[in-house]
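Let me begin by presenting the structure, written as structure tokens, before commenting on it.
The values are calculated or read from the model by the stated rules, or taken from the named source; none is laboratory data. Source: prediction; values computed, not measured. No Cβ is skipped: glycine too gets one built from the backbone with ideal geometry, and neighbour counts run over all protein chains shown. For accessibility, only protein heavy atoms count, side chains too; no ligands or nucleic acids. Shrake-Rupley method; radii C 1.70, N 1.55, O 1.52, S 1.80 Å.
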Amino acid sequence: MPNDTSYYDEKELLMKVAASSEEAFRQLFDVHHNKLAAFILRLTRSNSITEELVQDVFVKVWLHRKDLATINNFEAWAYVIARNLVFNYLKKAAREHQHHQDWQYSHHPESQENQQDGEPDIYTALERTIEKLPPQQKMIYLLKRRNGMKNEEIARQLNISTTTVKKHFSLALRFIKEQARQGFEILVLLLFFFF
């Protein structure tokens, strides 16, 4: 928005940060900290992890400050960094959780019996949930999450519209969330983002 004063103020601030102004960087931090924290908190549900990840976002911003001169929408750019950091954190947490469970099962066989008595591990739970999806939703979900395909590519491959792809993917996500709410661990809900 070329005639928006705040746009020019932010652009000027970004230029100063790009020129390594610590004062401008502090100002940028103060302006965007709370919004980023609120966004991250919705995903992590942990104040301490949120604060750590907000700090990580701004470390990345500082390390890539030379790029700021070319950025038109800092908030959107920072949200992408934040989202990637959150997802990496959650993937790591899920892996550590799984390693802990694997270790526990190998050292305490009775834990495995409890597992088989109706408490599936997060990967198995997610796989079972995906298997329950209707065929087209399942196909679209897997192409998007596991193969990393874009809506347009999936639409071309399946010979359907991008609107249909979006609709089926949305329904698949809703179903997985619903299953998570009905008793699976919270990690199952988070893991569906990564497959």
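Per-residue answers, yes or no, for (1) open to solvent by 80 Å² or more (accessible area, probe 1.4 Å); (2) acidic (Asp, Glu); (3) touching a Lys or Arg at 6+ places or on another chain (Cβ under 7 Å); (4) assigned to a helix (DSSP H, G or I):
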site	(1), (2), (3), (4)
31	yes, no, no, yes
61	no, no, no, yes
77	no, no, no, yes
81	no, no, yes, yes
85	no, no, no, yes
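Within segment 33-53, the residues that satisfy the criterion of being open to solvent by 90 Å² or more (accessible area, probe 1.4 Å) and in a helix (DSSP H, G or I) are 34, 35, 42, 47, 52. Looking at segment 152-172 only, could you name the residues that are open to solvent by 30 Å² or more (accessible area, probe 1.4 Å) and within 19 Å of the chain's Cα centre (by Cα)? Residues satisfying the conditions are 166, 170, 171.
The set of residues in segment 74-101 that are at pLDDT 90 or above and either polar (S, T, N, Q) or touching a His at 6+ places or on another chain (Cβ under 9 Å) (or both) comprises 74, 75, 78, 81.
Looking at this structure, is residue 132 open to solvent by 60 Å² or more (accessible area, probe 1.4 Å), at pLDDT 90 or above and farther than 18 Å from residue 43 by Cα? So residue 132 does not fit the description; no.
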